[in-house]
Structures are given as structure tokens and as C-alpha cells.
Amino acid sequence: MTTTPRTETLLRPAAERFHGRLDWLESWHTFSFGHHYDPAWMGYGPLRVINEDTIAPGRGFGMHPHSDMEIITVMVEGELSHRDSMGHGAVLRVGEVQRMSAGTGVVHSEINESGSPCRLLQIWIEPSSRGIKPAYEQKPSASATTGPCCLIPSRLRAPWRSIGRCGCGGPSPAKASAWSFLWRRGARPGCS
């Protein structure tokens, strides 16, 4: 899969994102996703999804399949239980980042088993190589609350490069094989 690199900055104000609501899920989509479709907002290079989801207590996404996608989850509030067909089961908490390489195929669930709503960012990136072995990783993120942080790709097509603060040389919270940046900035008072 070849994707043309994007070098310009793309700004999408939060209030302009697509919005979806179910009785258990409130979701804000930066790009076309689910029943929201806009050909002008299909992604950015290999970046296909940045969703901000709030999931009600005791609810979530039951077992569902993915393939050939890098899926990164960043917990913002609360916690989320993950189980998958590779045998992994873990609770993702605030300040942690999860990477799942769907590769040749994986089935997983994401359930908020706590008594409080949880909020997360889910990011999908097209991998630089298709048909890789599925993989899972979960680590604390040194840059989850301040930032900018970046997802650093494999320019040389090596299987994985680290995700972490740009140029910090610190611990990497996860890995990815596609070229994208994630910027998280604190809002000024009165802004969102």
C-alpha cells in the first residue's frame, strides 16, 4: 500500500468534526467514519481515523474484526477493558497507550467495565506493509498529557518504529509502521 506523504498542516476545529450519538456512545470523528461521509475528509496521508469516543459504564464495542490497520488507543479519562483473539486481555487506563496491529486479522472487544464513563482517542493508520502478523502492545505514555507527541514511521520499511515525544529520546509508549503525527495541546481557558 503506497500513500503520498502530506507535509502541510491540517487544522480541523473540534466543533467542525462529525458527531454521532447512541444511548451508550458519544463519538466525534475527524474524518469520514461509519455513516458520516465527506469526500473532502477521508483521511490525511495514511491517517484514516481520529475518533474521540465517550463510552457509558458497562457498555462498549463487542467482539469485532479488523485487518491491515494500525489501531492506536489513547485513554483520556477512565478505563477500558480490551480482549482479543491473540489471547490478550488488559485494562487500558488514563496515561496509557495501546497499539494493535491488525495485520492478517484480529478480533477484539473494547468494553468500559467501570462504573464511570470513559473517554479515549482512537487512531487508525494504514500500515506500510499489508499482511503482517497481528500484534498488541500497551505502555504508559510519557507524552499523554502534554505535548506535542508524534507517531514516527518506518522510513526504511523496517517493521516498527517507536511512538513517543519528538526528539525526546525517552521511553516509547507503543509502536507503529505508518507515517503520521498526533499533536495534543492544552487549551487556553475558555477554549476547547
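The values are calculated or read from the model by the stated rules, or taken from the named source; none is laboratory data. Computed from a predicted structure; not experimentally measured. Heads up, the Cβs are rebuilt from the backbone with ideal geometry, glycines too, and the neighbour counts pull from every protein chain shown.
Exactly one residue out of Ile50, Ile71 is buried (at least 19 other Cβ atoms within 10 Å of the Cβ) and over 19 Å from Glu137 (Cβ atoms): that is Ile50.
Gly60 fulfils the conditions (1) under 24 Å from Asn112 (Cα atoms); (2) surrounded by fewer than 18 Cβ atoms within 10 Å (Cβ to Cβ); (3) of a type in the set (Gly, Ala, Ser) except for a single criterion, (2). When restricted to residues that are buried (at least 18 other Cβ atoms within 10 Å of the Cβ) and either charged (D, E, K, R) or under 24 Å from Gly105 (Cβ atoms) (or both), segment 30-44 contains 3.
Asp23 fulfils the conditions (1) on the phi > 0 side of the Ramachandran plot; (2) modelled with pLDDT of 90 or more except for a single criterion, (1). Identify the single condition in (1) under 17 Å from the mean Cα position of the chain (by Cα); (2) surrounded by fewer than 19 Cβ atoms within 10 Å (Cβ to Cβ); (3) small (Gly, Ala, Ser); (4) closer than 15 Å to Gln122 by Cβ that Gly20 does not satisfy, given that it satisfies every other one. Of everything listed in (1) under 17 Å from the mean Cα position of the chain (by Cα); (2) surrounded by fewer than 19 Cβ atoms within 10 Å (Cβ to Cβ); (3) small (Gly, Ala, Ser); (4) closer than 15 Å to Gln122 by Cβ, Gly20 misses just condition (1).
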